[in-house]
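Asks: One structure is given below, represented as structure tokens, and several questions about it will come after.
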Amino acid sequence: STMRERKTADPLNSADPLHSSTDVSEGKEKLRLKQEVGLISSVSLIAGTMIGSGIFMSPEWVLHHMGNPASSLLIWAACGLLAMFGALSYAELGTIIKESGGEYIYILRIFGSFPAFLFAYTSVILVRPAGLAAVCLSFAEYAIAPFYPGCSSPQVAVKCTAAACILILTIINCLNVRLATSVMNIFTAAKLLALLVIVVGGLVLLANGQTQNFQNGFQGTTAGVGAVGVAFYQGLWSYDGWNNLNYVTEELKKPEVTLPRALMIAIPLVTCLYLLVNVSYLAAMTPSELLSSGAVAVTWGDKVLGSWAWLISLSVALSTFGSSNGTFFSGGRVCYIAAREGHMPDILSMAHVRCLTPSPALLFTSAMSLIMIISGNFTSIVNFFSFMAWFFYGMTISGLLYLKIKKPELPRSYKVPIIIPIIVLMAAVYLVLAPIIDQPQIEILYIILFIFSGIIFYVPLVHFKYHPRFLQKVTLHLQLLLEVAPTTRDAN
């Protein structure tokens with residue numbers, strides 16, 4: 001069949017079939033995921049995912065929407081605090097529902113099949129590919145910036161480079177899982193090196209008295225509700241990844257302890273680093289120079305490092321490539337689990353018979369990302385990505401509040417004070433509604449219509465389990481073409 005028959009289970013039953021899942025990377029069937037991720041690895045996973053392209057691309061847009069340096073720094077600090085509150089709320093969810101899959105599995109277990117399908121449908125087709133497209137566009141900006149000194153890079157060159165990046169990542173991830181993870185680990189060092197160079201350079205500039213950009217820092221602050229919301233979108237893009245540990249809950253050692261501890265270490269660390277990097281940018285260039293820069297870190301390198309500025313371009317390009325690889329690598333997880341639950345076409349839960357990689361899911365993500373690169377730019381993709389992401393973050397947090405109020409007897413080793421998820425839910429509602437109220441865009445209506453267009457597919461394919469014969473033939477031909485086979489799920 002083209003869609004797996006979804007098992008009915010108690011939404012919060014810890015003995016759910018998902019605990020016995022198929023490990024595609026090892027090519028084994030009915031294998032419980034090994035709990036091998038400790039505290040240090042967990043901190044690295046969160047910080048390594050969060051530190052990607054955003055801190056090198058978003059500062060100019062946060063400043064643009066806020067109007068001055070001081071208020072933009074407040075936005076960066078507030079984004080870090082909101083990411084921390086969201087992560088702590090997810091930590092409690094992760095100790096109640098100890099399954100991998102993040103928002104998808106939480107929505108499925110708390111609210112049921114239909115909203116979980118809408119999340120999977122939106123995530124697989126739009127949200128994940130949009131995130132990958134934005135990171136690859138960031139990589140492209142920095143990779144080709146040295147070839148166009150003193151001027152903005154042509155959009156055609158940027159988009160072609162980003163598309164080439166996606167195709168290379170597709171080949172790497174489809175060929176070998178270990179190769180993909182090795183690439184991810186190697187490039188983590190580059191991003192840390194680039195940020196440390198920028199931080200140290202900024203501290204030297206401040207010590208030499210270059211503080212003029214921070215005088216009268218709040219003059220000309222933007223007060224518009226929608227503008228502040230869009231500034232938050234751009235800032236929160238740089239913090240995206242705070243929830244990544246919840247996608248691998250089944251693989252954590254002592255998740256009830258490791259999950260909250262790793263979050264409390266990694267997110268404040270990243271927040272401090274981001275604030276120092278922004279201070280360094282503003283110490284080196286005026287707000288107008290920062291706003292006119294297509295690649296902020298490159299402009300900073302030109303002003304501070306002189307002839308060694310190419311090191312920044314290289315480091316940031318390597319950093320964003322590594323981040324895009326991480327985004328691409330984890331992007332198939334929701335797709336695979338949703339297919340395993342019967343919410344996605346069966347072909348997306350299959351693995352290559354020799355490489356043992358989830359190549360159909362990876363190829364689909366790649367194709368959707370290429371479409372987004374052709375049709376959009378960095379800032380518009382980030383805004384629409386953030387709108388959809390915070391819509392579902394809000395739904396997930398409301399699920400936690402439901403569990404805290406209606407099911408307080410459920411065993412949980414970590415409890416977050418109820419005021420924290422309430423704050424996150426209020427922020428999510430604000431981030432979803434503010435841009436619509438203040439500066440309505442027709443694209444937002446298209447996104448909302450797209451989310452609910454999932455009903456057209458859910459009713460016949462999932463609810464009534466209707467499987468057209470021609471789709472079965474398409475699945476069979478795709479299996480033969482891609483050399484993939486179904487992975488066996490637990491029959492109990």
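Asks: Within the stretch 338-356, restricting attention to residues that are open to solvent by 10 Å² or more (accessible area, probe 1.4 Å) and part of a helix (DSSP H, G or I), which residue is nearest to Ile125 (Cα to Cα)?
Replies: Applying the filter and picking the extreme gives Leu348.
Asks: Only residues that are open to solvent by 60 Å² or more (accessible area, probe 1.4 Å), within 19 Å of Val316 (Cα to Cα) and in contact (Cβ under 8 Å) with a residue 12 or more places away in the chain: list them for the stretch 161-212, please.
Replies: Step one: filter the stretch 161-212 for residues open to solvent by 60 Å² or more (accessible area, probe 1.4 Å), giving 167-168, 171, 175-176, 178-179, 185-186, 189, 192-193, 196, 200, 203-204, 207-208, 210, 212.
Going one step further and asking which of them are within 19 Å of Val316 (Cα to Cα), we end up with 168, 185-186, 189, 192-193, 196, 200.
Across the stretch 161-212, the qualifying residues are Ile186, Leu192, Leu193.
Asks: Take Thr327 and tell me if it is hydroxyl-bearing (Ser, Thr, Tyr), at pLDDT below 85, surrounded by 22 or more Cβ atoms within 10 Å (Cβ to Cβ) and under 23 Å from the mean Cα position of the chain (by Cα). Explain how you work it out, then say what you get.
Replies: Details: hydroxyl-bearing (Ser, Thr, Tyr): yes; at pLDDT below 85: yes; surrounded by 22 or more Cβ atoms within 10 Å (Cβ to Cβ): yes; under 23 Å from the mean Cα position of the chain (by Cα): yes.
Against the criterion (hydroxyl-bearing (Ser, Thr, Tyr), at pLDDT below 85, surrounded by 22 or more Cβ atoms within 10 Å (Cβ to Cβ) and under 23 Å from the mean Cα position of the chain (by Cα)), Thr327 qualifies.
Asks: Take the conditions open to solvent by less than 40 Å² (accessible area, probe 1.4 Å), more than 27 Å from Phe139 (Cα to Cα) and under 17 Å from the mean Cα position of the chain (by Cα) and apply them to Gly394. Does it pass? Walk me through how you get there before you give the answer.
Replies: Numbers: open to solvent by less than 40 Å² (accessible area, probe 1.4 Å): yes; more than 27 Å from Phe139 (Cα to Cα): yes; under 17 Å from the mean Cα position of the chain (by Cα): yes.
Taking the combined requirement at face value, the residue satisfies it.
Asks: I've got another one for you. Restricting to the stretch 413-431, name every residue that is touching a residue at least 40 places away in the same chain (Cβ under 8 Å) and farther than 20 Å from Leu259 by Cα. Full working, then the answer.
Replies: Initially, the stretch 413-431 is screened for residues touching a residue at least 40 places away in the same chain (Cβ under 8 Å), giving 413-416, 420-421, 423-424, 427, 430-431.
Passing the criteria: Ile423, Ala427, Tyr430, Leu431.
Asks: For the subset of the stretch 248-278 comprising residues that are in contact with a strand residue (DSSP E or B) (Cβ under 8 Å, 6 or more places away or on another chain) and of a type in the set (D, E, K, R), which member is most open to solvent (accessible area, probe 1.4 Å)? Even if it seems obvious, please write down each step before you answer.
Replies: So in the stretch 248-278, the residues in contact with a strand residue (DSSP E or B) (Cβ under 8 Å, 6 or more places away or on another chain) come out as 248, 250-253, 258-259.
Remaining after also requiring of a type in the set (D, E, K, R): 250-251, 253.
Values: Glu250: 18, Glu251: 41, Lys253: 104 Å².
Looking at residues that are in contact with a strand residue (DSSP E or B) (Cβ under 8 Å, 6 or more places away or on another chain) and of a type in the set (D, E, K, R), I get Lys253.
Asks: Output the number of residues of the stretch 279-302 satisfying the condition of being open to solvent by less than 10 Å² (accessible area, probe 1.4 Å) and of a type outside the set (Gly, Ala, Ser).
Replies: 6
Asks: Can you confirm whether the stretch 400-409 contains a residue that is in contact with a Leu (Cβ under 8 Å, 6 or more places away or on another chain), open to solvent by less than 30 Å² (accessible area, probe 1.4 Å), under 23 Å from Pro115 (Cβ atoms) and not in a helix (DSSP H, G or I)? Steps first, answer last, please.
Replies: Let us first name the residues in the stretch 400-409 that are in contact with a Leu (Cβ under 8 Å, 6 or more places away or on another chain), namely 400-401, 403, 407.
Narrowing further to those that are open to solvent by less than 30 Å² (accessible area, probe 1.4 Å): 400-401, 403.
So of that shortlist, the ones also under 23 Å from Pro115 (Cβ atoms) come out as 400-401, 403.
After this cut, where a residue has to be not in a helix (DSSP H, G or I) as well, the list is none.
Taking every residue of the stretch 400-409 in turn, none turns out to be in contact with a Leu (Cβ under 8 Å, 6 or more places away or on another chain), open to solvent by less than 30 Å² (accessible area, probe 1.4 Å), under 23 Å from Pro115 (Cβ atoms) and not in a helix (DSSP H, G or I).
Asks: Let me ask something else. What do you reckon, is Ser123 part of a helix (DSSP H, G or I), over 23 Å from Val462 (Cα atoms) and among the hydroxyl-bearing types (Ser, Thr, Tyr)? Talk me through it step by step, then tell me what you get.
Replies: On the way: part of a helix (DSSP H, G or I): yes; over 23 Å from Val462 (Cα atoms): no; among the hydroxyl-bearing types (Ser, Thr, Tyr): yes.
Taking the combined requirement at face value, the residue does not satisfy it.
Asks: Would you confirm, using the coordinates I've provided, whether Gly342 is touching a strand residue (DSSP E or B) at 6+ places or on another chain (Cβ under 9 Å), in contact (Cβ under 8 Å) with a residue 60 or more places away in the chain and within 27 Å of Cys174 (Cβ to Cβ)? Lay out the reasoning, then the answer.
Replies: Working: touching a strand residue (DSSP E or B) at 6+ places or on another chain (Cβ under 9 Å): yes; in contact (Cβ under 8 Å) with a residue 60 or more places away in the chain: yes; within 27 Å of Cys174 (Cβ to Cβ): yes.
Against the criterion (touching a strand residue (DSSP E or B) at 6+ places or on another chain (Cβ under 9 Å), in contact (Cβ under 8 Å) with a residue 60 or more places away in the chain and within 27 Å of Cys174 (Cβ to Cβ)), Gly342 qualifies.
Asks: Of the residues in the stretch 54-113, how many are polar (S, T, N, Q) and part of a helix (DSSP H, G or I)? So that I can check it myself, show each step before the final result.
Replies: Of the residues in the stretch 54-113, the ones polar (S, T, N, Q) are 58, 68, 71-72, 89, 95, 100, 113.
If we keep only those that are part of a helix (DSSP H, G or I) too, we end up with 71-72, 89, 95, 113.
Going through the stretch 54-113 one residue at a time, the tally reaches 5.
Asks: Restricting the search to the stretch 359-371, which residues are crowded, with 23+ Cβ neighbours inside 10 Å and out of contact with any Leu (no Cβ under 8 Å at 6 or more places or on another chain)?
Replies: Leu362, the sole residue that qualifies.
Asks: Also: Being modelled with pLDDT under 85, in a helix (DSSP H, G or I) and not aliphatic (A, V, I, L, M) is true for just one of Phe470, Phe457, Phe392. Which residue is that?
Replies: Working: Phe457 fails: modelled with pLDDT under 85; Phe392 fails: modelled with pLDDT under 85.
Exactly one of Phe470, Phe457, Phe392 is modelled with pLDDT under 85, in a helix (DSSP H, G or I) and not aliphatic (A, V, I, L, M), namely Phe470.
Asks: While we're here: Among the numbered criteria (1) under 27 Å from Ile105 (Cα atoms); (2) within 21 Å of the chain's Cα centre (by Cα); (3) at pLDDT 80 or above, which single criterion is violated by Phe321?
Replies: (1)
Asks: Follow-up. Since Gly224 meets every condition but one in (1) open to solvent by 60 Å² or more (accessible area, probe 1.4 Å); (2) at pLDDT below 75, which condition does it not meet?
Replies: (1)
The values are calculated or read from the model by the stated rules, or taken from the named source; none is laboratory data. From a predicted model like this one, the values you see are computed outputs, not experimental measurements. Positions of Cβ are backbone-derived with ideal geometry, glycine not excepted, and every protein chain shown enters the neighbour counts. The accessibility values were calculated without ligands, DNA or RNA, using every heavy atom of the protein model including side chains. Shrake-Rupley method; radii C 1.70, N 1.55, O 1.52, S 1.80 Å.
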